[in-house]
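Just below is one structure, and these are the notes that go with it.
The values are calculated or read from the model by the stated rules, or taken from the named source; none is laboratory data. Fair warning: this is a prediction, and the values are worked out from it, not measured in the lab. Methodologically, a virtual Cβ is constructed for each residue, glycine included, from the backbone with ideal geometry; neighbour enumeration extends over all protein chains shown. Each accessible area value is taken on the protein alone, full model and side chains, heavy atoms only, with ligands, DNA and RNA left out. Shrake-Rupley method; radii C 1.70, N 1.55, O 1.52, S 1.80 Å.
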Amino acid sequence: MNYFIHVLTFSRLLAGPIIFYMLLYSHQYYLALTIFIYAGLSDYFDGYLARKYSLESEIGEILDPVADKILTLFLVIALAEYLNSHFIAFTGALIISREFWVSGLRDYNSRNNNIKATSVSVLAKLKTTTQFISFSLFLLGIAAGAALITFCANFVLFLSMLLSFQTGLAYTQASFKKSA
């Protein structure tokens, strides 16, 4: 089971570049959407299975958020390029910046025995969910040729950015509250 959990995480590391290629070069939009849905489900199931079978590992704790960041990075770049969207590029850059910031906070908190300050919150899980929904909507809109779906995806991406800021701020406050 432990091997299967790691395969789920590693497959998410590969999904981003594959989707990028499919969207920008091979134009296999439905397959890109299918792979992205798989990646989203694997994000849920690798954590669920690790907790259920008490197989949480240090490598899993490190690779899971890295896989999410790589997937997000490739999707933001591919969607911004494909749709020629400065909005996606800028909003995505803000979301990814928050990810780097929180990674830094987690490292800081790890060094200062304050790990709970950056434990994954319910709001952070909602942020990830809205990101995945927005990317799914973008890919579905592209695959179906439905501009309305793509347009609506922009609002979900904006909501994801707001949640990114909120969780980043909460983690920052919790990180420096104890040490200040």
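Apolar share of the accessible surface for segment 107-171: 71 percent from carbon plus sulfur atoms, 1.4 Å probe. For the chain, the solvent-accessible area works out to 56 Å² per residue, with a probe of 1.4 Å and every protein chain left in place.
Among the aspartates and glutamates, which fall within straight-line cross-link reach of LYS127, defined as a Cα-Cα distance under 20 Å, with same-chain neighbours fewer than 8 residues apart omitted? Hits, sequence-local ones excluded: ASP43, ASP46, GLU61, ASP64, ASP68, GLU99.
Treating each Cα of the chain as an identical point scatterer and summing with the Debye formula, the log10 of I(q)/I(0) at q = 0.11, 0.18, 0.19 Å⁻¹ comes to -0.49, -1.18, -1.28.
Set the Cα radius of gyration of segment 45-141 against 2.2 N^0.38 Å, with N its number of residues, and you get 1.21. Measuring r between the beta carbons of TYR48 and PHE90 and using R0 = 45 Å, the FRET efficiency lands at 0.85. Per-residue 3J(HN,Hα) values for segment 127-141, derived from phi via the Karplus relation 6.51 cos²θ - 1.76 cosθ + 1.60 with θ = phi - 60°, read 4, 4, 4, 5, 4, 5, 5, 5, 5, 4, 5, 4, 5, 5, x Hz in sequence order (x marks Gly and Pro).
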